[in-house]
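Each remark here refers to the structure printed beneath this line.
Since every read-out is calculated from the coordinates, none of them should be taken as a lab result. Remember, predicted model here, so these are calculated numbers, not experimental data. Here the Cβ is made from the backbone with ideal geometry for all residues, glycine too, and neighbour counts use every protein chain on show.
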Amino acid sequence: MSEVKNKTIEDIISLVKQKKRFADTKLIMKAYNYAKEKHGDQLRKSGEPYIIHPVQVAYILADIGLDEATICAALLHDVVEDTDTTHEDLVRVFGEEIAEMVAGVTKLGELKYPVSTEERQVENYRKMFLAMGKDIRVIIIKLADRLHNLRTLKYLRRDRQIANAKETMELYAPLANRLGIYSLKWELEDLAFKYLYPEEYRELVEGINKKREERLQFIEKIMADIRVALKKQKIDAEVTGRAKHLYSIYRKMKRDNKTLDQIYDLFALRILVNSVKDCYAALGVVHEMYSPMPGRFKDYIAVPKPNMYQSIHTTLLGEKGTPFEVQIRTWEMHRVAEFGIAAHWAYKEANYSKKGKQVVSAKTDKLDWLRETLEWQKDMKDPQEFLNTLKTELFEDEVYVFTPKGKIIVLPRDATPIDFAYSIHEEIGNHMVGCKINSKMMPIITKLKNGDIVDIMTSDSQKGPSRDWLKFIKTTKAKSKIQSWFKKAQRTENIEKGKELIDKEIKRLGFTHDELFKQEYINAALDRYKFKNLDDMYASVGFGAISQVKIISRMLEEYRKSHKEEDIEQKIEELTSKRKNIKPSSSGVVVKGIDNCLVKLSKCCNPVPGDDIIGYITKGRGVSVHRTDCVNVKDLLKDEDRIIDVYWYTEKAAAYNVDISIFANDRSGLLADIIQVLSNLKTKLMGLNSKATKEHIATIEITIEVENVEELNKVLRALRKVDSVYEVTRKN
């Protein structure tokens, strides 16, 4: 990839004048002079004057076609962080709009509390998304900032190169894709690819260059033939060819397990026409000239992508059966394809005011996913959970499904009818009792496929959603609405459950409630995770927004600060000493206060190490051990005098049988695939029973042997990924 030559402020002014008749170039020049003066003699890692960086960022945005205010904010985006300039200074000199954008882009300083790198990074993402919610131009500046930093990444240490490239691939390139700004997305991906996989990058570049001339001749001939055919049909069109981007070629090679020699469509043809009618006419021409490859046709004009992208994609077979891709779209669609949401920044030149302030607007109806993410993350206190969901929102492919009336609903890949219901309306989701897919009754956790027609059945008697739905849904909107329902409807229960979970975690660590629940430790946890009071914290743990482990970990940080090192070591010694004297039963369970007691693991719920457990003193058969979520525990708790504390002895490994139920759409080879998954995980299969209904729903009951709940969860996750499987549950 050739290095991009540095642009000057004169280049920016010239470009802005080309794109707009009434450009406020004086304002841009004022911002440049201000930034140049403030940055003064500062240098970048490359040794270049610092002002070069904001100028390159501003040029990228001018090229996309953004307004003067955004270009000014780009020129000024580092002055608050790196110079003595304040936000108030910018408001006074450039006005609120530009100052607010700079504030949104300014890199975040150190957080006030000591947190892990991961938590700090997630907090940065949160704040970035909040800034996006106020003004989407903030993230577009951020993307341009990241792009120029990647262009000059060679001046950083190798560890910083890898960290920046990885973050770009995981967050910034998917964001550019989500916003439809493909002109930035492709370069971000290719530059990140260059630093993450330098050997693979070099080999790919060399391999492509070897046969470059041969491929160019092939594509030039096809372009010439298509131009002639389009002219004959009196279709005014521009036909161009472009090499596919390096990272997309590499990803295809990895996905299909192919070598470069087996990837033929390294070039894509683009046909740009004046109208939608001409798009389909041009499609008819090329399909008449070349044979289309089955299953490789996509009409994004009829069904646009959520990021507004529209185009027809078709893969055709040229001479000797060599495939090549053709993209057909109008000039306006092409502008949106290159610049995405930025292409919709409307400049209302007729309303240009005396103060020089423009009215700008974006098609924010296309940013529903962003609003939903912002709404959901308010309640999600667990940084890892937020990051996982954010990546899901950015990376997931889409499926296109229909309402019974024919309206198209776009959902992430593997979305369920539950996601579909909430995408229509919150009340439909909350009162959902069943669904039909293509007129056939199906489980509500079935994974939806392109073209499915989904009909949701509701009932007024349905009190609300099930907490189990959270395990299967994919969309942020559904998660947000379900958790909001539980938060409002079951606050009292959530508080009680949260208290119980926190007390169990304290007990598990060998502390007493009084030792850890001092006001200064509680305040530290409340401050870290932004809770208003203790009940809010308990409720949040109770409905699953944050784990009890995170809360107690924060309190322990403060505990350690206020205790001498020797006190903590003595505490650890006491706990270790207690555990050394423990005599577990043959089942691996310790009964508090009793040695060598007869202990039996209950068959109704088959507990394994890692499960929360409870002991029940039976008449003449020792202590029976149940999972705390066992259906029989309610009855046992009626006889409180027989309940006894039990816990797992973790020093010694043992094997435990667990029963699992698998529900799937029946197909040939299903059982073989399930057994293969267990074999790959080296999981011992102890028993299997299966049956299928007339509706082709398969129910498979298996018994496996595991050592602990972590191993069990690994098996459950793997089984859920088997094709046609829609539900895997542990039997209770």
task: List 420, 543, 22 from most exposed to least, where exposure is judged by having the fewest other Cβ atoms within 10 Å.
output: 22, 543, 420
task: Determine the gain in length on full extension of the stretch residue 690-residue 206; use 0.36 nm per residue of separation and subtract their C-alpha separation, reporting nm with one decimal.
output: 168.9 nm
- request: Take residue 275, project a point 7 Å from its Cα along the Cβ direction, then tell me which residues of the stretch 305-332 have their backbone nitrogen under 15 Å from it.
  value: 330-332
query: What's the extension gain from residue 291 to residue 8 if we count 0.36 nm per residue and subtract their Cα-Cα distance?
result: 97.0 nm
query: Sorting 245, 513 on the 10 Å Cβ count, fewest up front, what's the list?
result: 513, 245
- request: Please give the FRET efficiency for residue 87 paired with residue 37, using the beta carbon to beta carbon distance and R0 = 25 Å, rounded to the nearest 0.05.
  value: 0.90
- prompt: Please state the relative contact order of the stretch 589-648 as a whole percent: Cα pairs under 8 Å, 6+ residues apart?
  reply: 42
Entries in 7/36; 405/694; 507/592 that, when Cα-Cα distance is taken, lie over 23 Å: 405/694
task: Identify the trypsin sites (Lys or Arg not before Pro) of the stretch 3-65 meeting these criteria: DSSP loop state and at most 15 other C-beta atoms within 10 Å of the C-beta.
output: 5, 21, 44, 45
message: Within a 10 angstrom radius of the beta carbon, how do 705, 199 rank from fewest other beta carbons to most?
response: 199, 705
- request: Return the ratio Rg/(2.2 N^0.38 Å) for the stretch 172-285, where Rg is computed over Cα atoms only.
  value: 1.26
task: Tabulate in residue order the Karplus-calculated ³J(HN,Hα) for the stretch 417-425, using 6.51 cos²θ - 1.76 cosθ + 1.60 with θ = phi - 60°, rounded to whole Hz; enter x for Gly and Pro.
output: x, 5, 4, 4, 4, 6, 5, 7, 6
task: Please give the FRET efficiency for residue 513 paired with residue 468, using the beta carbon to beta carbon distance and R0 = 35 Å, rounded to the nearest 0.05.
output: 0.70
query: So for the stretch 1-99, taking the charge dipole from beta-carbon charges (+1 Lys/Arg, -1 Asp/Glu), which of 71, 39, 6 sits furthest toward the positive end?
result: 6
- prompt: For residue 13, what is the net charge nearby, where nearby means another residue's Cβ is under 15 Å from its Cβ and Lys, Arg count +1, Asp, Glu -1?
  reply: +2
query: What is the Cα coordinate range of the stretch 205-342 on the first, second and third principal axes, sorted by size from largest, in whole angstrom?
result: 39, 35, 26
task: Express the relative contact order of the stretch 396-489 as a whole percentage, based on alpha carbon pairs under 8 Å and six or more residues apart in sequence.
output: 32
- prompt: Once all Cα-Cα distances of the stretch 396-489 are split into 5 Å bins that start at 0, what whole-number percent is in each one?
  reply: 3, 15, 27, 28, 17, 8, 2, 0
